[in-house]
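*Asks:* Have a look at the structure that comes next, please.
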Amino acid sequence: MTSYQPTVPHQAPSTSQELLTVPQVMARLQLGRSAVYDLLRSQQLASITLGRARRIPTHALTDFIHARLDQEAAA
């Protein structure tokens with residue numbers, strides 16, 4: 001007789017580990033596609049590549065925003 005092992009429901013990643021798509025970042029920053037890719041290309045905004053897909057961790061977006069706020073405050 002086999003024993004039944006209950007499965008643990010898959011939990012969504014915590015906010016700090018969530019990965020965003022480029023369109024999601026575009027919406028959050030209210031920027032166009034080219035502007036977001038320019039930020040990625042210049043490494044102002046960190047990202048990872050999964051296959052052909054580019055994903056931006058939410059913490060990278062938060063870090064980018066804080067860095068820009070700090071730059072504006074220093075100016």
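Laboratory data are not the source of any read-out in this text; all were calculated from the coordinates shown. Treat the numbers as computed from the prediction; the structure is a model and nothing was measured. We place every Cβ from the backbone using ideal geometry, glycine too, and count neighbours over all the protein chains shown.
*Asks:* Looking at segment 31-71, which trypsin sites (Lys or Arg not before Pro) are DSSP coil and have at most 11 other C-beta atoms within 10 Å of their C-beta? Show your work: numbers first, answer last.
*Replies:* On the way: sites: R33, R41, R52, R54, R55, R68; in loops: R52.
Passing both the DSSP loop test and the Cβ count: R52.
*Asks:* OK, next. Between T49 and L69, what length comes free when the chain is fully extended (0.36 nm per residue of separation minus the Cα-Cα distance, one decimal in nm)?
*Replies:* Working: separation 20, 0.36 × 20 = 7.20 nm, distance 2.67 nm.
So the extension gain works out to 4.5 nm.
*Asks:* Take A27 and T62, extend 7 Å from each Cα along the Cα→Cβ direction, and tell me the distance between the two endpoints in nm.
*Replies:* 2.0
*Asks:* Can you run phi through the Karplus equation (6.51, -1.76, 1.60; θ = phi - 60°) for segment 60-73 and list ³J(HN,Hα) in whole Hz, with x for Gly and Pro?
*Replies:* Using θ = phi - 60°, the values come out as 5, 5, 4, 4, 4, 5, 5, 5, 5, 5, 5, 5, 5, 5 Hz.
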